[in-house]
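Participant: Below you'll find the structure I mean.
The values are calculated or read from the model by the stated rules, or taken from the named source; none is laboratory data. From a predicted model like this one, the values you see are computed outputs, not experimental measurements. Here Cβ is always computed from backbone atoms with ideal geometry, including for glycine, and neighbour counts include all displayed protein chains. The area values use the complete protein model at the heavy-atom level, side chains included, leaving out ligands, DNA and RNA. Shrake-Rupley method; radii C 1.70, N 1.55, O 1.52, S 1.80 Å.
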Protein chains: 2
Amino acid sequence: MPAKQLHLGAFMRPISIHTGAWRYPGAWPDANFNLNAYVRLIRKLEEGRFDAFFMADHYAVLNMPVEALKRSHTATSFEPLTLLSALAMVTERIGLIATASTTYNDAWHIARKFASLDHISGGRAGWNLVTTANPDAALNFGHDAHMAHGERYKRAREFFDVVTGLWDSFADDAFIRDVESGIFWDPAKIHVLDHKGEELSVRGPVNIARPIQGWPVIVQAGASEAGRQIAAETAEAVFGASATIEDARAFYADVKGRMDRLGRNRDHLKILPGCFVVVGSTEEEAKAKRAKLDSLVHYESAIASLSIALGVDASRFDPDAPLPEIPETEASKSGRERAIGLARRENLTVRQLAQRLGGYGGLAMVGTPAMIADRMQEWLETEACDGFNVMFPWLPGGLEEFVDQVVPELQRRGIFRRDYEGRTLREHLGLPRPANRFFA
Amino acid sequence: MPAKQLHLGAFMRPISIHTGAWRYPGAWPDANFNLNAYVRLIRKLEEGRFDAFFMADHYAVLNMPVEALKRSHTATSFEPLTLLSALAMVTERIGLIATASTTYNDAWHIARKFASLDHISGGRAGWNLVTTANPDAALNFGHDAHMAHGERYKRAREFFDVVTGLWDSFADDAFIRDVESGIFWDPAKIHVLDHKGEELSVRGPVNIARPIQGWPVIVQAGASEAGRQIAAETAEAVFGASATIEDARAFYADVKGRMDRLGRNRDHLKILPGCFVVVGSTEEEAKAKRAKLDSLVHYESAIASLSIALGVDASRFDPDAPLPEIPETEASKSGRERAIGLARRENLTVRQLAQRLGGYGGLAMVGTPAMIADRMQEWLETEACDGFNVMFPWLPGGLEEFVDQVVPELQRRGIFRRDYEGRTLREHLGLPRPANRFFA
């Protein structure tokens, strides 16, 4: 029996998630907004046989203090659906996942645009369905206040039903194009959705043929109770946020268990935690690279993040001393414990801890290609995940090192493809093509 | 002084507007939904130095009787913004105009997506601002009834202010990206719109740098009183609907006169009537091609269009006899007179008249390359237009004949460019780059 295979997405927010990435020696400072940079990077990822290129998204700029904002290379970007349509033309196999919110969009437009991307790319589209947690977004769409969490998820569930229903507007064989008789398509093979629900009212059909994949791949990221449930019901890939292998196993067991109880095949959802990778020829070199990167995070904005995590004003601590004892507060217990644990474990000063959290605070694999491959393999083989959404420390170097050094190591171990076998994102991920609910 | 120059857009709805186009001998039946076909066509148009590739759009499928619908090759298509983003990657100079409605979109999304297309294409985007006349569209966006004409135009005017205001969110020199100091951009060079109007409430800013063109080119088509006024106030190109040179001159004088009264430079709006072209080596051959094309329009759906135009049930007439006398009715006088005039002038049978109107009933130029160039030149030089939005009878042949035969004739006369001089759509059209209203 062949080994369980790893799936790899490249998570772009909008390019590197690390706050200091654009300042790293040799990095492209304008990578977040340079089309030629994106072209070069996605081609490199395709050379590395990645399953997908995954664009995050956000609908507001002003969601951080101006001191942090003016240093941010992630606040502005291309719009994902237009960018991925363009990148479809310079690639052949890699999947193209765009994020779009169910809270601040019309279902008809979302169904149509993702169907169009799927047709343009020959079946490589994925939709990362989010509900938008940033309350500033509401103000850009005529709302005074952000929709509450419960209502957002209720709308999201209904929105999913409408979008997938619209994708099923036409039977796969609706279009005949019989020049002789003049019949272009068969009206018996079109379905009018006529959806009238609590949140949405959409007649349909959508004015585009059924996507090549039936439906673009449904991706989600929710870690909350409501998020896990909607993922178990509807998602085909989940962007996991677990920072430790134990948490990841618990999350994996929970979501796949929910699928079992719903009667869904657990292989039809791939759990891919976000994973920040820094590659070095030795562990020390990799750690030094990360320390260099973290040192490029501005201290004042970093200390603000640390203060929030600890629930105390961290700016009064000596930046170059170890973290003092921190009393219990009303702040999030998990954020506080994670920060304190990290400082003690890695023996970080206040400055280093602040810059670590201000750069990127989640799951990271920092080491030699073999060390990173060891950890990825352990996660894969012990049901902590089905692969990873890889985040690169800076561009292009951090990405190129991963593709050139870590991917071959994974391939040698037989846990990652040496070449694409399929043409669509569904085929890369081992997902079935959904049946049309209205037509056999 | 060089001769006044013609501007040419290629109007795609979604590919040929003619109902019978997909059945013409040698045509691509699936051209409306074949990405490789679009790639080949837009490259040919770029070879022909067209100013722009212009995608129409619509937000509903069910706006015709099923007998017509099932024969329609225009009811389904790619979505324009994703398609044009893809086509930007296979072209270098030609402008890319997408249609988007102000009635059924969020201004923030429209500002952002067109800005993204403009950046992706290196400054080639245009926005055809429409208010959506099709009442079926409302049902796809949670509305029971279509917005009234007056309210649609009121919203459109405000929507224009919001979108252009969002494009001006950042000064052109807002992004510094100083690696040394860590300052990515200057917060003093960002403007928060904070728009609170009667129809829209949008805070801003949009999360993308100012478009390369400042603003994508603003295109409109309205022929109504409200449409002419908003065009005179805001448009930079108008898709004209005049069927005769006299009507076109009156429209031209009216819109440019409104601009004079508003203090706008009349050269800053180009009036480009839609023009259906059929090229032949002789006039007879061109006419025969059109007759062949019209004969491919299904008679039953054609007769329904004729009945509406005449205000009587035309299905009771002998299809192969001349049009009988038609009594005055409550139907639109202009539609009735146009149909009767056409039948008498060209000596058409009922069937031929019905198929002509059911194929394409507006301005057409049918003849040799020299004849078509003569007419285009007359329109241009007598202030009937600044150019045309050319519509092709079938694909690829009808388009290739125009580029290979008519364009060289226009070039020989010195009224159409032999090569692109600029890089942006604004430069092709001779339009200024708008100043940023918030930053000098």
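Participant: Taking segment A:193-203 on its own, how many of its residues are more than 7 Å from every other protein chain (Cβ to nearest Cβ) and either part of a loop (DSSP other than H, G, I, E, B) or closer than 29 Å to B:A21 by Cβ (or both)? Walk me through it before giving the result.
Facilitator: Our first condition is that a residue be more than 7 Å from every other protein chain (Cβ to nearest Cβ); within segment A:193-203, this holds for A:193-199.
When the remaining residues are screened for being either part of a loop (DSSP other than H, G, I, E, B) or closer than 29 Å to B:A21 by Cβ (or both), the result is A:193-194, A:197-199.
So the answer is 5.
Participant: Please verify whether B:K270 is assigned by TED's automatic domain parsing to the domain that holds B:I15 and either in contact with a strand residue (DSSP E or B) (Cβ under 7 Å, 6 or more places away or on another chain) or buried (at least 21 other Cβ atoms within 10 Å of the Cβ) (or both), treating the condition exactly as stated.
Facilitator: Values: assigned by TED's automatic domain parsing to the domain that holds B:I15: yes; either in contact with a strand residue (DSSP E or B) (Cβ under 7 Å, 6 or more places away or on another chain) or buried (at least 21 other Cβ atoms within 10 Å of the Cβ) (or both): yes.
Judged against the criteria, B:K270 is a match.
Participant: If you don't mind, there's one more thing I want to ask. Scanning for something within 16 Å of the chain's Cα centre (by Cα), in contact (Cβ under 8 Å) with a residue 60 or more places away in the chain and open to solvent by 10 Å² or more (accessible area, probe 1.4 Å), does segment A:64-79 turn up at least one residue?
Facilitator: Yes, some residue in segment A:64-79 is within 16 Å of the chain's Cα centre (by Cα), in contact (Cβ under 8 Å) with a residue 60 or more places away in the chain and open to solvent by 10 Å² or more (accessible area, probe 1.4 Å).
Participant: Restricting attention to segment B:16-23, does a residue exist that is in contact with an Asp or Glu (Cβ under 9 Å, 6 or more places away or on another chain), more than 12 Å from chain A (Cβ to nearest Cβ) and either at pLDDT below 95 or assigned to a loop (DSSP other than H, G, I, E, B) (or both)?
Facilitator: Yes, segment B:16-23 contains at least one residue that is in contact with an Asp or Glu (Cβ under 9 Å, 6 or more places away or on another chain), more than 12 Å from chain A (Cβ to nearest Cβ) and either at pLDDT below 95 or assigned to a loop (DSSP other than H, G, I, E, B) (or both).
Participant: Take the residues in segment A:297-327 that are crowded, with 22+ Cβ neighbours inside 10 Å and β-branched (V, I, T), then tell me which one is nearest to A:P393 (Cα to Cα).
Facilitator: Across segment A:297-327, the extreme among qualifying residues is A:V297.
Participant: Okay, moving on. Could you list all residues from segment A:64-82 that are more than 7 Å from chain B (Cβ to nearest Cβ) and either touching a Lys or Arg at 6+ places or on another chain (Cβ under 6 Å) or of a type in the set (V, I, T) (or both)?
Facilitator: Of segment A:64-82, the ones more than 7 Å from chain B (Cβ to nearest Cβ) are A:64-65, A:67-68, A:74, A:80.
Hit for segment A:64-82 is A:T74, nothing else.
Quick grid of which residues meet (1) more than 9 Å from chain B (Cβ to nearest Cβ); (2) surrounded by fewer than 24 Cβ atoms within 10 Å (Cβ to Cβ):
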{"residue": "A:L8", "(1), (2)": "yes, no"}
{"residue": "A:A37", "(1), (2)": "yes, yes"}
{"residue": "A:R43", "(1), (2)": "yes, yes"}
{"residue": "A:F50", "(1), (2)": "yes, no"}
{"residue": "A:L84", "(1), (2)": "no, no"}
{"residue": "A:M89", "(1), (2)": "no, yes"}
{"residue": "A:S116", "(1), (2)": "no, no"}
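Participant: Within segment B:161-210, count every residue that is of a type outside the set (V, I, T), closer than 23 Å to A:V297 by Cβ and in contact with a Pro (Cβ under 6 Å, 6 or more places away or on another chain).
Facilitator: Looking only at that region, the number is 1.
Participant: Under 8 Å by Cβ, and 6 or more places apart or on different chains, what pairs join a residue from segment A:315-341 that is over 20 Å from A:G359 (Cβ atoms) with one that is open to solvent by 50 Å² or more (accessible area, probe 1.4 Å)?
Facilitator: As it stands, the answer is A:A331/A:I308, since those pairs meet every condition given.
Participant: Continuing with the same structure: Test each condition in (1) modelled with pLDDT under 95; (2) in contact with a helix residue (DSSP H, G or I) (Cβ under 9 Å, 6 or more places away or on another chain); (3) under 30 Å from A:H109 (Cα atoms) for A:A243 and report the one that comes out false.
Facilitator: Result: A:A243 fails condition (3) only.
Participant: Continuing with the same structure: Considering segment B:314-347 alone, what residues qualify as being charged (D, E, K, R) and more than 27 Å from the chain's Cα centre (by Cα)?
Facilitator: Within segment B:314-347, the subset charged (D, E, K, R) is B:316, B:318, B:320, B:325, B:328, B:330, B:333, B:336-338, B:344-346.
Answer for segment B:314-347, where residues must be charged (D, E, K, R) and more than 27 Å from the chain's Cα centre (by Cα): B:R316, B:D318, B:D320, B:E325, B:E328, B:E330, B:R344, B:R345, B:E346.
Participant: Being crowded, with 24+ Cβ neighbours inside 10 Å, within 14 Å of chain B (Cβ to nearest Cβ) and of a type in the set (V, I, T) narrows it down to one of A:V217, A:V206, so name that one. It would help to see each step written out before you state the result.
Facilitator: Working: A:V217 fails: within 14 Å of chain B (Cβ to nearest Cβ).
Sole residue among the options that is crowded, with 24+ Cβ neighbours inside 10 Å, within 14 Å of chain B (Cβ to nearest Cβ) and of a type in the set (V, I, T): A:V206.
Participant: Same structure, new question: For segment B:91-114, enumerate the residues that are within 10 Å of another protein chain (Cβ to nearest Cβ) and among the basic types (K, R).
Facilitator: Correct list: B:R112, B:K113.
Participant: Filter segment A:135-159 down to the residues that are within 12 Å of chain B (Cβ to nearest Cβ), among the acidic types (D, E) and open to solvent by 50 Å² or more (accessible area, probe 1.4 Å) and list them by number.
Facilitator: Matches in segment A:135-159: A:D144 only.
Participant: Which of (1) surrounded by 15 or more Cβ atoms within 10 Å (Cβ to Cβ); (2) touching a Leu at 6+ places or on another chain (Cβ under 7 Å) does A:P211 not meet, given it meets every other one?
Facilitator: Of the numbered conditions (1) surrounded by 15 or more Cβ atoms within 10 Å (Cβ to Cβ); (2) touching a Leu at 6+ places or on another chain (Cβ under 7 Å), the odd one out for A:P211 is (2).
Participant: Oh, and also: Go through segment A:3-38 and give me each residue that's of a type in the set (F, W, Y) and more than 27 Å from A:V217 (Cβ to Cβ). Working first, answer last.
Facilitator: The initial filter retains those residues of segment A:3-38 that are of a type in the set (F, W, Y), namely A:11, A:22, A:24, A:28, A:33, A:38.
Listed by number, the residues that qualify are A:W22, A:Y24, A:W28.
Participant: Continuing with this model, one more query. Condition first: under 25 Å from A:I372 (Cβ atoms) and open to solvent by 20 Å² or more (accessible area, probe 1.4 Å). Now tell me which residues in segment A:246-266 satisfy that.
Facilitator: Hits for segment A:246-266 are A:E246, A:D247, A:R249, A:A250, A:A253.
Participant: Run A:V162 past the list (1) aliphatic (A, V, I, L, M); (2) open to solvent by less than 10 Å² (accessible area, probe 1.4 Å); (3) outside any loop (DSSP other than H, G, I, E, B); (4) facing chain B (nearest Cβ under 8 Å) and report the number of the one that doesn't hold.
Facilitator: Here A:V162 clears every test but (4).
Participant: I'm told B:E409 meets every condition in (1) touching a residue at least 60 places away in the same chain (Cβ under 8 Å); (2) open to solvent by less than 40 Å² (accessible area, probe 1.4 Å); (3) in contact with a helix residue (DSSP H, G or I) (Cβ under 7 Å, 6 or more places away or on another chain) except one. Can you identify the failing condition by its number?
Facilitator: (1)
Participant: Got a number for residues in segment A:204-228 being over 16 Å from the mean Cα position of the chain (by Cα) and at pLDDT 95 or above?
Facilitator: 12
Participant: Go through segment B:195-231 and report how many residues are touching a Gly at 6+ places or on another chain (Cβ under 7 Å) and either more than 30 Å from B:M55 (Cα to Cα) or without any contact (Cβ under 8 Å) to a residue 60 or more places away in the chain (or both).
Facilitator: Going through segment B:195-231 one residue at a time, the tally reaches 4.
Participant: Considering A:L306, A:L296, which residue is within 14 Å of chain B (Cβ to nearest Cβ) and farther than 25 Å from A:G387 by Cα? If you could, list the steps in order and put the result at the bottom.
Facilitator: Working: A:L306 fails: within 14 Å of chain B (Cβ to nearest Cβ).
So the residue among A:L306, A:L296 that is within 14 Å of chain B (Cβ to nearest Cβ) and farther than 25 Å from A:G387 by Cα is A:L296.
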